[in-house]
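Visitor: Structure provided below as structure tokens; questions to follow.
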């Protein structure tokens, strides 16, 4: 038996404690003399469940990376015709996009979620009739273009909107397998000179495909090319190492040096759950397999062996809408989740909250009760399991803004029991008057952040429109600050007086508004506002958790908007750079409020349909990522 030193040229290190675990430690082996164990840091490969597609997408097309995949076309159980639906994935939730002009399945597809191409494809299972037209997607709608040349359906493809490539599959007559390679320049298709550019073996049901117009790759397919892998260098195809398990009807995704093939039909042709990874020279079977073998899935074509999405398809016994996300990393991820907390004693919507409170120390005050249609004065304090009564407001008020903590809270504005210039301060037992807001704020919910003595209020306003107004409070008086660039109201707002963040909201004048809703983000540094990464959805009237750390660790939940189901349960995390969808509220709602942090958040109250107010409280545990060394054992 070979020893470690003879294989690697070095001895196993003896250490009293594990080294720092990061990418530089990956692949290392050491002996921990304290625990008496051999250890190593290795990649953790796993599939996890994602959000379900809204309907079946058998032989649907997919472009983009794992967390922002665009899906379009496809069908369901035979003889169901192909549909024209478009869906967008944000890492957990699929939402609807603009419909294609022509319903079809098994297209050539490439590009990005905001600059995608779908071409060719057939209309229905068993149908000899195909549609050769090309459609381009700009992130919201499809535009018809010129017909594809040389390709029909069930082929593979690669590239971008202005530099695409299609190869394999069926010919344009849908009568035989094709070896033709065709290029796309953003307007026209050109069949490349034959035979130099032909694939080495005619094959259909190749699907997927990866890389670029000058460096493409595909693997698998039928009827005979079950194992083959081929790479394109811009002028010709070269045969590479075969896959270990022959398969078709699913498709490779990735690049010439980093690719994945998960599922597919075996020669039998039963569906397989086996996953293989490609490193540029050879295929290796992954230790992780799909939860269910499937073919004809919607794939994240720009995915890789690090992260990929496989959704819908056919398991042989049905057409699932489930999504599976593949991850290979030294980090073990624990997905975000909600747990039920104690219900509010008073159902309420449109109410204030101390947003810098914790998951075990929340505060809700005022609000509106649908049914009796009444404003309330009740204040409630959350202790981690249940709500108890606190000091009541001096008058019934809804739409109040809030900031601070459970024992040092700030409430201001609102309607209609007290003037909208009202400012109140809470000490953990009672409310007293603070410095009045000179302008007055009627619709103030979720417009406040910071502490009782260093608060900020931005956006939101009085009847007649959203505002860009920013004001700062020092514990006794309000001063005007630089205005936001986008007028908004009923958005998501959080942070500190010197580090605040706003996202989404009702904003009729916003440049990216869908109807009257925006997804733009702005950040405040204590003096100026600057544009940040846009959220994933057009939403308003939701709840937040993040507090002072919101600019780099924020959670926003619920709300409503034009491209999600009203009263959504969608939750997004923000890390200072990008938004990602995570868990879904057990009770979808809007006009709720929250507090706590991204890691340990709290949301409560709200309404489902503006006919009844809610008492439901949900505790949020954010996404975590940990690096853990594996203990090596003998067997």
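The values are calculated or read from the model by the stated rules, or taken from the named source; none is laboratory data. It should be emphasised that the depicted structure is a prediction, and the values quoted were computed from it without experimental measurement. A quick note on method: Cβ atoms are made from the backbone with ideal geometry, for glycine too, and the neighbour counts reach across all protein chains shown.
Visitor: Residue by residue through the range 59-84, note down the ones that are at pLDDT below 95 and assigned to a strand (DSSP E or B).
Guide: 75
Visitor: Next question, about the same structure. Are there strands (runs of 3 or more DSSP E) fully within the range 273-368 with at least 3 residues that are in contact (Cβ under 8 Å) with a residue 24 or more places away in the chain and within 24 Å of the chain's Cα centre (by Cα)? List them.
Guide: By residue number, 307-311, 323-329, 331-334, 337-340.
Visitor: Somewhere in the range 534-549, is a residue surrounded by fewer than 20 Cβ atoms within 10 Å (Cβ to Cβ) and over 26 Å from residue 452 (Cβ atoms)?
Guide: Yes, the range 534-549 contains a residue that is surrounded by fewer than 20 Cβ atoms within 10 Å (Cβ to Cβ) and over 26 Å from residue 452 (Cβ atoms).
Yes/no per residue for (1) in a strand (DSSP E or B); (2) surrounded by fewer than 24 Cβ atoms within 10 Å (Cβ to Cβ); (3) at positive phi; (4) modelled with pLDDT of 90 or more:
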{"residue": "101", "(1), (2), (3), (4)": "no, yes, no, yes"}
{"residue": "111", "(1), (2), (3), (4)": "yes, no, yes, yes"}
{"residue": "126", "(1), (2), (3), (4)": "no, yes, yes, no"}
{"residue": "139", "(1), (2), (3), (4)": "no, yes, yes, yes"}
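Visitor: Could you check how many residues of the range 369-386 are farther than 14 Å from residue 595 by Cα, surrounded by 22 or more Cβ atoms within 10 Å (Cβ to Cβ) and in contact (Cβ under 8 Å) with a residue 40 or more places away in the chain?
Guide: Number satisfying all stated conditions: 2.
Visitor: Please determine whether any residue of the range 609-624 is over 21 Å from the mean Cα position of the chain (by Cα), surrounded by 24 or more Cβ atoms within 10 Å (Cβ to Cβ), modelled with pLDDT of 90 or more and more than 28 Å from residue 499 (Cβ to Cβ).
Guide: yes
Visitor: Oh, and also: Among the residues of the range 238-261, are any modelled with pLDDT of 90 or more, part of a loop (DSSP other than H, G, I, E, B) and in contact with a helix residue (DSSP H, G or I) (Cβ under 8 Å, 6 or more places away or on another chain)?
Guide: No, there is no match, as no residue in the range 238-261 is modelled with pLDDT of 90 or more, part of a loop (DSSP other than H, G, I, E, B) and in contact with a helix residue (DSSP H, G or I) (Cβ under 8 Å, 6 or more places away or on another chain).
Visitor: Could you please find all residues in the range 151-191 being part of a loop (DSSP other than H, G, I, E, B), buried (at least 18 other Cβ atoms within 10 Å of the Cβ), at pLDDT below 95 and at negative phi?
Guide: 151, 152, 153, 155, 171, 172, 179, 180
Visitor: With the requirement that a residue be at pLDDT 95 or above and under 21 Å from residue 622 (Cα atoms), what does the range 344-356 give you? Walk me through how you get there before you give the answer.
Guide: Narrowing the range 344-356 to residues at pLDDT 95 or above: 344-354, 356.
Across the range 344-356, the qualifying residues are 353, 354, 356.
Visitor: Go over the candidates 499, 504, 483, 510 one by one and state the one that is buried (at least 24 other Cβ atoms within 10 Å of the Cβ) and touching a strand residue (DSSP E or B) at 6+ places or on another chain (Cβ under 9 Å).
Guide: Being buried (at least 24 other Cβ atoms within 10 Å of the Cβ) and touching a strand residue (DSSP E or B) at 6+ places or on another chain (Cβ under 9 Å) holds for just one of 499, 504, 483, 510, which is 504.
Visitor: Is it the case that some residue within the range 86-94 is out of contact with any strand residue (DSSP E or B) (no Cβ under 6 Å at 6 or more places or on another chain) and surrounded by fewer than 22 Cβ atoms within 10 Å (Cβ to Cβ)?
Guide: No, the conditions are met nowhere in the range 86-94.
Visitor: Follow-up question, since we're still on this one. Pull up the range 197-233, narrow it to residues that are more than 27 Å from residue 289 (Cβ to Cβ) and at pLDDT below 95, then point me to the one that is surrounded by the most Cβ atoms within 10 Å (Cβ to Cβ).
Guide: Applying the first criterion (more than 27 Å from residue 289 (Cβ to Cβ)) to the range 197-233 yields 197-202, 212-215, 232-233.
Retained after the next criterion (residues that are at pLDDT below 95): 197-202.
Values: 197: 20, 198: 17, 199: 26, 200: 13, 201: 15, 202: 19.
It comes out as 199.
Visitor: Okay, moving on. Quick one: in the range 254-272, of everything that is closer than 16 Å to residue 304 by Cα and in contact (Cβ under 8 Å) with a residue 60 or more places away in the chain, which residue is surrounded by the most Cβ atoms within 10 Å (Cβ to Cβ)?
Guide: Among those residues, the one meeting the criterion is 262.
Visitor: Let me ask something else about it. Touching a residue at least 40 places away in the same chain (Cβ under 8 Å) and farther than 22 Å from residue 281 by Cα: does that describe residue 193?
Guide: Values: touching a residue at least 40 places away in the same chain (Cβ under 8 Å): no; farther than 22 Å from residue 281 by Cα: yes.
The answer is no for residue 193.
Visitor: Then there's this: Taking the condition of being modelled with pLDDT under 90 and either within 15 Å of residue 603 (Cβ to Cβ) or surrounded by fewer than 19 Cβ atoms within 10 Å (Cβ to Cβ) (or both), how many residues in the range 550-562 meet it?
Guide: 1
Visitor: Report, by residue number, each residue of the range 417-452 that is under 21 Å from residue 363 (Cα atoms) and either free of Cβ contacts under 8 Å to residues at least 24 places away in the same chain or not assigned by TED's automatic domain parsing to the domain that holds residue 506 (or both).
Guide: 427, 432, 433
Visitor: Kindly establish whether residue 74 is in contact with a helix residue (DSSP H, G or I) (Cβ under 8 Å, 6 or more places away or on another chain), buried (at least 22 other Cβ atoms within 10 Å of the Cβ) and outside the structural domain of residue 566 (by TED's automatic domain parsing). First the steps, then the outcome.
Guide: Working: in contact with a helix residue (DSSP H, G or I) (Cβ under 8 Å, 6 or more places away or on another chain): no; buried (at least 22 other Cβ atoms within 10 Å of the Cβ): yes; outside the structural domain of residue 566 (by TED's automatic domain parsing): yes.
The answer is no for residue 74.
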